[in-house]
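Worksheet: one structure, shown below.
The values are calculated or read from the model by the stated rules, or taken from the named source; none is laboratory data. Only a predicted model underlies this, so the values are computations on that prediction, with no experimental measurement involved. Glycine also receives a Cβ, built like all others from the backbone with ideal geometry; neighbour counts cover every protein chain displayed. We work out accessible area using only protein heavy atoms, side chains counted, and drop any ligands, DNA or RNA first. Shrake-Rupley method; radii C 1.70, N 1.55, O 1.52, S 1.80 Å.
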Amino acid sequence: MTHLEKLDQYFTEQRETHLEELNEFLRIPSISALSEHKPDMQQAAEWLVDSLTKAGLENVEINETDGHPVVYGDWLHAEGKPTILVYGHYDVQPVDPLELWDSAPFEPEVRDNKLYARGASDDKGQVFMHIKAVEALMKESGSLPVNVKFLIEGEEEIGSPNLESYIVDNKDKLSADVIVISDTGMQGPGRPAVCYGLRGLCGVQVDVKGAKGDLHSGLYGGGVQNPLHAIVELLASFRDKEGTIAVEGFYDNVRPLSDEERGAYEALGFDEEDLKNEIDVPELFGEKGFSYLEQTWARPTLELNGIFGGFSGEGIKTVLPAEAGVKITCRLVPDQDPDEIVEKLKAHIEKHKPAGVTVTVTEFDKGKPFITPFDHPAIQAAGRSYEKVYNVPTAYTRGGGSIPIVAAFDEVLELPVVLMGFGLSTENFHAPNEHFHLENFDQGLRVIGDYYYEIENFTKDELKK
């Protein structure tokens, strides 16, 4: 039997056992954002220690941080072979609004071959698959074809505030040849994808202050600056009518798309008409000269996320509001630096600040963009493993969103990062009725197991970024 046939036999025989074990994990309400769930966070970490140990990993331990703990384990007996560092998270999002769930969020339930529970797709189900893939290889062969390390954190859903310092402090302990993360999605049902890049992020809040208090619009209107008018004027200066960002120097360091990448995106056959129908808009809008996939995967953005100020209740209130504000986020691409972009935003705001108001800028979350060349051996190896199991070509994509800690892995450990996810965009992660399609659970187990054999064939030098 081939190793893939052995994996198939093992996972088929153990499927019900594995699902019950996953259900145990999903029943733990490990919500990192809510302090009352701190005991549940500890319970989830301890559950992982037990599961990793049973799978055959060694040096399994809970490492405390200033927040929720990190779980580590390894198996390092494949002499001369590459080392894979598997990253995931055991924390989940809050479940509100509870009344919109069709079943209890922490009582897993299978309906139509979909497993419903908070964390089923993001990210407990996908972390669990990596543990079971190692277990299968250990049960079938008594060893692994490569060395493996696990790093599973409990704060991803609140921005991983303590993980980067943990990575820096444990750089030698976490040394590897490739990082594998299953916390992303596929192109669609039966359409696997390897994500090789994510956009970065920076955010600011701009507050515009006028008079010391709201003013009567009849007594003062026309003679005093209205902060709402001022902020509208300021915001209009950020982009031109075709969606190009007008902040000086914003595009200076943007890495251009290669012809190979543009060709790969075009080959995906993405239908923009279908998208318009799906989201119910008359037309798409974005930076000229780029397709929708290029705009959302490989070009930077500046978006207004919320504008506030003045009276918005029923009826009319004739005032000049004393203040107004806006929240802005920018998605960034290689090689843009979030700190530099924030400084350029501040300079633009200062230059275009309307008369008669004071303007302050407050900085929020930042995360650097990340990219591993899509022709890197570790990326292509993942594609081959998908294709063996799904029997269709693998798509190579970038993600329009941001996972800030991925850039920290890339920057601190200087390793190629492979995002090989098994979720679908329709699975309601972060929303009521989160679920995981069990056909991707079944096939994903086999893909992950096969990937270890694919990586076995490379030398450490071949895997260097």
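Tabulated values for the structure
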quantity	calculated
Single match in GLU61, GLU46, GLU107 (criterion: part of a strand (DSSP E or B), touching a residue at least 12 places away in the same chain (Cβ under 8 Å), open to solvent by 50 Å² or more (accessible area, probe 1.4 Å) and not basic (Lys, Arg))	GLU61
Selection from the stretch 15-43 of residues that are open to solvent by 30 Å² or more (accessible area, probe 1.4 Å), outside any helix (DSSP H, G or I) and either of a type in the set (A, V, I, L, M) or closer than 18 Å to GLY73 by Cα (or both)	ALA33, LEU34
Residue among LEU275, LEU219 that is modelled with pLDDT of 95 or more and assigned to a helix (DSSP H, G or I)	LEU219
So ILE307, is it in a strand (DSSP E or B) and either modelled with pLDDT under 95 or more than 21 Å from GLY249 (Cβ to Cβ) (or both)	yes
Output for the stretch 355-382, where each listed residue is in contact with a Pro (Cβ under 6 Å, 6 or more places away or on another chain) and either open to solvent by less than 60 Å² (accessible area, probe 1.4 Å) or farther than 21 Å from ASP337 by Cα (or both)	VAL357, GLY367, PRO369, ILE371, THR372, HIS376, ALA378
The listed residue being farther than 21 Å from PRO338 by Cα and part of a loop (DSSP other than H, G, I, E, B), out of LEU151, LEU174, LEU137	LEU174
Tabulated pairs, the stretch 425-441, first over 21 Å from GLU387 (Cβ atoms) and surrounded by 21 or more Cβ atoms within 10 Å (Cβ to Cβ), second modelled with pLDDT of 95 or more and aliphatic (A, V, I, L, M), C-beta under 7 angstrom, 6+ apart or interchain	GLU434/ALA117; GLU434/ALA120; HIS435/LEU115; HIS435/ALA120; PHE436/LEU115; PHE436/ALA120
Selected residue (criterion: most open to solvent (accessible area, probe 1.4 Å)) from residues of the stretch 383-424 that are assigned to a loop (DSSP other than H, G, I, E, B) and β-branched (Val, Ile, Thr)	VAL392
Hey, ALA120 buried (at least 23 other Cβ atoms within 10 Å of the Cβ), in contact with a helix residue (DSSP H, G or I) (Cβ under 8 Å, 6 or more places away or on another chain) and assigned to a loop (DSSP other than H, G, I, E, B) or not	yes
The stretch 184-232 - residue that is more than 30 Å from GLU387 (Cβ to Cβ) and basic (Lys, Arg) and, of those, surrounded by the most Cβ atoms within 10 Å (Cβ to Cβ)	LYS209
Any hit, the stretch 150-173, residues being under 17 Å from LYS81 (Cα atoms), among the aliphatic types (A, V, I, L, M) and either open to solvent by less than 10 Å² (accessible area, probe 1.4 Å) or at pLDDT below 95 (or both)	no
